[in-house]
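Undergrad: Just passing along the structure, written as structure tokens.
The values are calculated or read from the model by the stated rules, or taken from the named source; none is laboratory data. Since the model is a prediction, treat every value here as computed from it, not as a measurement. Here the Cβ positions follow ideal geometry from the backbone for every residue, glycine too, while neighbour counts run over all protein chains shown. Just so you know, the surface numbers come from the protein's heavy atoms only, side chains and all, with ligands and any DNA or RNA stripped out. Shrake-Rupley method; radii C 1.70, N 1.55, O 1.52, S 1.80 Å.
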Amino acid sequence: MRLLVCGGAGFIGSNFVRLRLLQHGDEITVLDKLTYAGREENFHDLVDHPGFRFIRGAIEDPDAVAEAIAAAAPEAIVNFAAETHVDRSIAEPDAFVTTHALGTYVLLEAARQHQLRYLQVSTDEVYGSIEQGTFTEDSPLRPSSPYSATKTGADLLVLSYFHTYDLPAVICRGSNNYGPYQYPEKLIPLMVLNALHGDRLPVYGDGQQVRNWIHVLDFARAIAHVLQHGVPGEVYNAGGPDECVNLDVVTRILELTGADASLIEHVTDRPGHDRRYSLSSQKVRALGWEPQVRFQEGLDETVAWYRENAWWWQPIRSGDYREYYQRQYGLGLAES
Ligand code: NAD
Ligand code: DAU
């Protein structure tokens, strides 16, 4: 397929692009603003591929979107572009509103004008927290943070374009992703890099929150599957095969890195912190997708990847990330 992949320089987007370009022969144009989280290093190995093109631009900029569509002549738009860190949405919600509301609107208008298929990458956080059981696609939408509330707004706008204009749009909602190329503000890479440097491991509250982990390549495969087989106007959840308590994730990272448990520090909890996420993926499984990577195996591989790819994270840890970390945690980081 010829795809316009928005947000393809980020963690999940770049893994999706690599998979589709190298293993499925898709022709891919990436449109990405390159925020702090979007990095050309994430597709360093793809830039010379004849099926790959990169355009720097924001999805809320109609001219940039028009330029990308003219260059790509895509059959579909896949939208990963987002501000994605819950803590940053609590501190500074502004960009979340712009990118998720205005950006999604601009893309939908372009898809409508050019009669393109459209896939919105979304999140289990739109359902809020669940103490027991699992969320299905019919569960009520109860987002807790500015991140999840603006992602929910984007989802509703996408569905409105299907109902109002017959736009062939689908939504794929994922659970917590992990794997290579994830910016180290997120739990797993943050803890791995801190453990490797002997920095403190800041666990929010009691650390008993539960997340439903999915390997990034499993989520990338689910997105491709929904794009190809999903019914327009439908939502598909894609959750990982395993749930894990945060403190158990951190303990396993300590084992894998050989760091000492005394590095764990319980810090002030995140405001409005969702206790547990859990997704039922029956609907996308019925289309023929299933996750292939169990969490324990995937986590081991992920820790090894960060260990072996200092070239990727060293510039992050020595740049603006240090200031962000100091602001967010009131703690410094060791030199890399
Ligand atoms: P990320 O932060 O690593 O990447 C986001 C990308 O979007 C970056 O390349 C960034 O430069 C780009 N971007 C941000 N604002 C933009 C704008 N206005 N215009 C163009 N590009 C812009 O995020 P990720 O973890 O790869 O998440 C990708 C998508 O998947 C998001 O929509 C997110 O909500 C969703 N999602 C993430 C997870 C997860 O666990 N990380 C789980 C489920 C769903
Ligand atoms: O569930 C899908 C969502 O997963 C995505 O939509 C988001 O984009 C993505 O960021 C992620 O959200 P979370 O808030 O669950 O991920 P995060 O890595 O920030 O936190 C995971 C858990 O770890 C959560 O319970 C908070 C906790 N945590 C996180 C950090 C960064 C800590 O205890 N300490 C930390 O320093």
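Undergrad: Any residue at all in the stretch 237-247 that's free of Cβ contacts under 8 Å to residues at least 40 places away in the same chain and on the phi < 0 side of the Ramachandran plot?
TA: Scanning the stretch 237-247 turns up at least one residue that is free of Cβ contacts under 8 Å to residues at least 40 places away in the same chain and on the phi < 0 side of the Ramachandran plot.
Undergrad: Across the stretch 57-93, what is the total count of residues that are more than 19 Å from the chain's Cα centre (by Cα) and under 28 Å from TRP305 (Cα atoms)?
TA: Within the stretch 57-93, residues that are more than 19 Å from the chain's Cα centre (by Cα) and under 28 Å from TRP305 (Cα atoms) number 0.
Undergrad: OK, next. Within the stretch 232-242, is even one residue more than 15 Å from ligand 1 (Cβ to nearest atom), aliphatic (A, V, I, L, M) and open to solvent by less than 40 Å² (accessible area, probe 1.4 Å)?
TA: There is no residue in the stretch 232-242 that is more than 15 Å from ligand 1 (Cβ to nearest atom), aliphatic (A, V, I, L, M) and open to solvent by less than 40 Å² (accessible area, probe 1.4 Å).
Undergrad: Tell me, which residue of the stretch 137-154 that is touching a strand residue (DSSP E or B) at 6+ places or on another chain (Cβ under 7 Å) and more than 11 Å from ligand 2 (Cβ to nearest atom) is farthest from VAL86 (Cα to Cα)?
TA: Result: GLU137.
Undergrad: Could you check how many residues of the stretch 34-49 are open to solvent by 10 Å² or more (accessible area, probe 1.4 Å) and farther than 18 Å from TYR321 by Cα?
TA: Of the residues in the stretch 34-49, 5 are open to solvent by 10 Å² or more (accessible area, probe 1.4 Å) and farther than 18 Å from TYR321 by Cα.
Undergrad: Related question: Quick one: which of SER89, SER139 is assigned to a helix (DSSP H, G or I) and open to solvent by less than 40 Å² (accessible area, probe 1.4 Å)? Spell out how you get there, then give the answer.
TA: Values: SER139 fails: assigned to a helix (DSSP H, G or I).
Going through SER89, SER139 in turn, just one is assigned to a helix (DSSP H, G or I) and open to solvent by less than 40 Å² (accessible area, probe 1.4 Å): SER89.
Undergrad: Taking strands (runs of 3 or more DSSP E) that do not extend beyond the stretch 186-297, which have at least 1 residues that are under 21 Å from the mean Cα position of the chain (by Cα)?
TA: Hits in the stretch 186-297: 201-204, 210-215, 235-238, 242-245.
Undergrad: Could you please find all residues in the stretch 78-130 being among the charged types (D, E, K, R) and either away from ligand 2 (no atom under 14 Å from the Cβ) or on the phi > 0 side of the Ramachandran plot (or both)?
TA: Residues satisfying the conditions are GLU92, ASP94, GLU109, ARG112, ARG117.
Undergrad: Determine, yes or no, whether VAL303 is away from ligand 2 (no atom under 16 Å from the Cβ), surrounded by 18 or more Cβ atoms within 10 Å (Cβ to Cβ) and either of a type outside the set (Gly, Ala, Ser) or touching a residue at least 40 places away in the same chain (Cβ under 8 Å) (or both).
TA: no
Undergrad: What is the number of the single condition among (1) farther than 21 Å from ASP218 by Cβ; (2) away from ligand 1 (no atom under 13 Å from the Cβ); (3) surrounded by fewer than 20 Cβ atoms within 10 Å (Cβ to Cβ); (4) of a type in the set (A, V, I, L, M, F, W, C) that MET1 does not meet?
TA: Status for MET1: all satisfied but (1).
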